[in-house]
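Reviewing the structure listed below.
The values are calculated or read from the model by the stated rules, or taken from the named source; none is laboratory data. Since this is a predicted model, take the numbers as computed values, not measurements. Reconstructed Cβ throughout: ideal geometry from the backbone, glycine too, with neighbour counts over all protein chains shown. Remember, those area values only see protein heavy atoms, side chains included, never the ligands or the DNA or RNA. Shrake-Rupley method; radii C 1.70, N 1.55, O 1.52, S 1.80 Å.
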Amino acid sequence: MRIYVINPNTTASMTATIAAAARHVAAPGTEIIDMTSGAGAVSIECHYDEAMSIVGLAQAVKNANLIEEQRGNREGIATGRDHAFVIACFGDPGLLAVRELTAAPVLGIAEAAMHAASFLATGFSVVTTLGRTRVIAEHLVRNYGMEHHCRRVRAIDLPVLELDNPASGARARILAECETALREDNSAAIVLGCAGMADLVAFLSENLGVPVIDGVTAAVKFAEALVGLNLGTSKKGDLAFPLFKPYKGSLTDFAPRHV
Ligand code: 5HY
């Protein structure tokens, strides 16, 4: 099977971190195809960045569907039973829109991480980057029905792209915030609130002694499970393929069509 792991921000080095984590946990029969959005913010750190990221995300999904079409996989496109998508951004931008675009399973890393954490502890804390993005995760907690599991959403107040700057002290700040969460939030697990933290699971797990869940790797394994169960996105109701209609202006080429 194939999993298209899409970074909706436009920073290729972050995609490399994400892809390496995905490949590290992927099963032998799973091909990880990583994609970096070709349009939008270099990092997604507010509502505007997130909204603007969806066009680049949709383009990446269109490109993936073209790859599947070029492989002659019309059956797979129609049934969504041999490939999946992961949206590798903790805001799960465009998750439902992408689910309309495919019959394959689509996992958002925040949804995947929160569900994984709920299987492992009765309470978890989220540790993300900038304080202003906490509310995005808080909205997802409510949307996913996780209010009883998520004790608190915390932030280290570092920009996303500082995560891979050794001089930023990001590792130490994330560890310290996780320790505070475990001490103060009555949490017994940690959810990493940024795709760029995907490479920190081993370091944090060793130091914290509790389950540390990264959404990229959780989403990859959930995607494998769903494809393995021969399950895909329902095309009945609101997640049916988008209604055919013209689109105008710069989005003309995004008009819904079926391959
Ligand atoms: C992410 N932003 O996972 C989110 C994390 C965040 O560019 N990739 C981004 O801090 O909201």
Meets criteria (at pLDDT 95 or above, away from the ligand (no atom under 13 Å from the Cβ), buried (at least 18 other Cβ atoms within 10 Å of the Cβ) and basic (Lys, Arg)) for residue 99 | yes
Test result for residue 131, within 14 Å of the ligand (Cβ to nearest atom) and under 30 Å from residue 1 (Cα atoms) = no
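Quick one: in the range 175-196, of everything that is of a type in the set (A, V, I, L, M) and touching a strand residue (DSSP E or B) at 6+ places or on another chain (Cβ under 6 Å), which residue is surrounded by the most Cβ atoms within 10 Å (Cβ to Cβ)?
191
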Please state which one of 78, 60, 137, 117 is in contact with a Phe, Trp or Tyr (Cβ under 6 Å, 6 or more places away or on another chain) and either modelled with pLDDT of 95 or more or open to solvent by 20 Å² or more (accessible area, probe 1.4 Å) (or both).
-> 117
Return only the number of the condition from (1) open to solvent by 10 Å² or more (accessible area, probe 1.4 Å); (2) part of a strand (DSSP E or B); (3) within 12 Å of the ligand (Cβ to nearest atom) that residue 153 does not satisfy.
-> (1)
For residue 224, all conditions in the list (1) assigned by TED's automatic domain parsing to the domain that holds residue 10; (2) under 19 Å from the mean Cα position of the chain (by Cα); (3) open to solvent by 40 Å² or more (accessible area, probe 1.4 Å) hold save one; what is the number of the exception?
-> (3)
Hits in the range 8-24 - residues which are open to solvent by less than 40 Å² (accessible area, probe 1.4 Å) and assigned to a helix (DSSP H, G or I) = 14, 15, 17, 18, 19, 21, 22
